[in-house]
Structures are given as structure tokens and as C-alpha cells.
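Beneath this line is the structure, given in C-alpha cells, with notes to follow.
Rule-based calculations on the coordinates, nothing more; no lab input. As the structure is a computational prediction, the values presented were derived from the model and not from experiment. Positions of Cβ are backbone-derived with ideal geometry, glycine not excepted, and every protein chain shown enters the neighbour counts.
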Amino acid sequence: MTATPSRIVDIAIGFMGAKQLAAAARIGLFRALADGPRDLPALAEATQHSERQVRTLADAMNGLGLLERRAGEYRLAPDAEQYLAGGGSVDLSPFIAFLDDISYRQWLGYGRTVDTDEAGTLELDEAGWADFMAGVMTYNALHAEQFGAAFDFSGFRSALDFGGLAAGFSFAAMAQNPELTTRFVYAPGFTESIAAEAERAGFSARVSVEEGATESTEPGGAHDLVLLTHVLHRFDAAQNRAILAAARGAAEAGATLMLLDFFLDAEPSQRAIDALHAGEYFNIDGTVVYPIAEVEAWLAETGWAVDRLVALPGSPRVLVATAV
């Protein structure tokens, strides 16, 4: 294959597309097309921005595949309609705003992170933390949606959701299976909203909530499904072994563990989104995306047999294991 510079240039200028995507979402470009195609003057009027800037953004989004352009009119591509224009249950705009306003600024110091191997720290005011949480929880909502679409939960009866940050993963499973109950054991500070969310979703009678420090709590029980969603990257190796051992202690023989997180591969080709998040997590707050071989070793040490690895579109992967 003849070498060309295209891939290198595409990566190097990738931040330009990200900034234009953020601007397009912020001014309502995608929402302006929710009811059908529009030409440039109509888009400029709908977004209350100049035709020059709107054309730049619309053409950029067309070049990146999020908008189609025909006979002088722009229309939404299916993914933009679903996730940016209100066509689906998850609107990624708060997540994009978080990346643009908070994450991007933090990445400006990434060179120091690489050179010193010192974790990044976020310094935000109250409004900044509210934007941070809105972005993170929006991304979690996407993960939960994709998680629910990827698995069949009809065979389970008793789930333990241990150490997570958001109830949406369990709710996606419960929506499939009216017989499934879920016991949430979350760290203090992450349990307050679960009861209210369960009531809104119609799951109050099927949910129980307990508090306990994730790295030291042993929930016990005999559950046939254990969920650890966005847990491992927040703890060190010793803590993760303890968490996985505690999860095994709460599972009946043959129970299923679903471990959702980003992982670094041992295969010749790394899944890009996982490695990018390894940089994001450590640069933001020092949390760690672990090599999958290390995670599999922890599982073997704590009584779990790895079954398979399932990739979720635009989201982490799920390492599925069985209690032995």
C-alpha cells in the first residue's frame, strides 16, 4: 500500500472538527433541521447567526457525515437526527458542551501530563461542576442505552448493581424483564437520586438502595447478575481485586458479571476510543484505563471465568464473566 499523509493530517486537524461540532450544537444547527431540510438563509435565520458562519459549520458537518447536502439544502444524517436533533432518547449536546468547555481546556496541559506522569486535576466553580456532571451523565445515558440494546436480560431475576455512578444500566435491564429486581449498593453521595429515578421509571417496587464504600463493602447475597459499570478505572489494582472478590461473594454459582469500562488491548490493533479515554481519564483526574490482560487476571484470582468481550457503539466495552 502506498503511504499518503491523509491519515496523519486527519488526526492532526481532528480538534477543528470537534470545535465545529460543538459550535454547531451550541447554536442549534441540528435542532433547526429537526423538522426537515433547510437552505442556508433559512438556517441562518433559525440559528440567528451569519450566513458565512452557518455555511462553514453546515459544510463542515456535511464533510464529516452528520449533514447531507442536496440542491442547496441541508438535512440531517440518521445519527445526527437521533443524537443531536432530539430524535432519540439521548441528546448528546450536554456531553459535547462538556468536551468543548471543560475537557478541551484540560487537554491543553496534556503535554505536561505525558512528560511528568502526574495526574491532572480539575479546578471548577460550582457552575463548572454542574456542567461537568451534566456532560458525564449524558455520556453515561448513552452507554446505558447501548448496554440495554446489546444484551438479553430475560433470564435474570436478582441483580446487584455495585459501586456504579448511574442507575440507567440497571434500569435498561429491568425495562426488558418485569421479573428482575435490582439491589443498588453505591458509595455515599451516589444514592440520593436512585429512589426518585426508580419512581419515575416505574421500578420503585423492584429496587432497593444501600450505601457503602465501594472499595471496602462486602454486599453479600446470592444474585444471578452483578453489574460493575464505570467502576474499575476509579480504583487502584489492590482495591479492584477487593471489589471483584466482594462481587463474587455476592453472586451465586453460575451468576453473570457484566463489567463495563474502557480497556487497553493486547491485540495487534487497539480500539481507539479506549486508548483516547485512557488519556482523558488520567489527564482529567488521575483515574486509570487498565490493560484487559490485567483485569482478566484479577477476575481469575477472584473466582470469575471470562466469557466474552462486547463492544458498545460510541461507548465502553462489557467484559462478561461467570461465577465459578
Q: Could you let me know the centre-to-centre spacing of the range 135-201 and the range 1-61, using Cα atoms, in angstrom?
A: 35 Å
Q: Please identify every one of the GluC sites (Glu not before Pro) in the range 135-235 that sits in a loop by DSSP and has no more than 13 other beta carbons within 10 Å of its own beta carbon.
A: Glu179, Glu192
(Q) Net charge around Val54, counting only other residues with Cβ within less than 11 Å of its Cβ (Lys, Arg = +1; Asp, Glu = -1)? (A) -1
Q.
Using only Cα atoms and rounding to the nearest 10 degrees, what angle (0 to 90) does helix 272-285 make with the longest principal axis of the chain?
A. 80 degrees
**Q.** Segment Thr56-Ala213, extension gain: residue separation times 0.36 nm, minus the distance between their alpha carbons
**A.** 51.6 nm
Q: For helix 51-63, report the angle its Cα long axis makes with the longest principal axis of the Cα atoms of the chain; keep it between 0 and 90° and round to the nearest 10°.
A: 50 degrees
Q: Run the numbers on the chain and let me know its relative contact order in percent, using alpha-carbon pairs under 8 Å that are six or more apart.
A: 13 percent
(Q) Less than 11 Å Cβ to Cβ from Tyr281, Lys/Arg counted +1 and Asp/Glu -1: what total charge do the surrounding residues give? (A) -3
Q.
Tell me the label only: which of [x] 23.8; [y] 20.0; [z] 21.6 is Kirkwood radius over Cα pairs in Å as calculated from this structure?
A. [z]
Q: Please get the size of the charge dipole for the chain, origin at its Cα centre, with Cβ charges of +1 on Lys and Arg and -1 on Asp and Glu, quoted in debye to the nearest 20.
A: 800 debye
Q | Binned Cα-Cα distances of the range 6-88, short to long, each 5 Å bin given as a whole percent | A | 3, 16, 28, 26, 15, 8, 4, 0
Q: Within the range 284-299, find all residues whose amide N lies under 15 Å from a label point positioned 7 Å from the Cα of Val324 along Cα-to-beta-carbon.
A: 296-299
Q) Within a Cβ distance under 11 Å of Leu299, other residues only, what is the Lys/Arg minus Asp/Glu net charge? A) -2
Q) In which sequence would Leu165, Leu180 go, from the one with the fewest C-beta neighbours within 10 Å to the one with the most? A) Leu165, Leu180
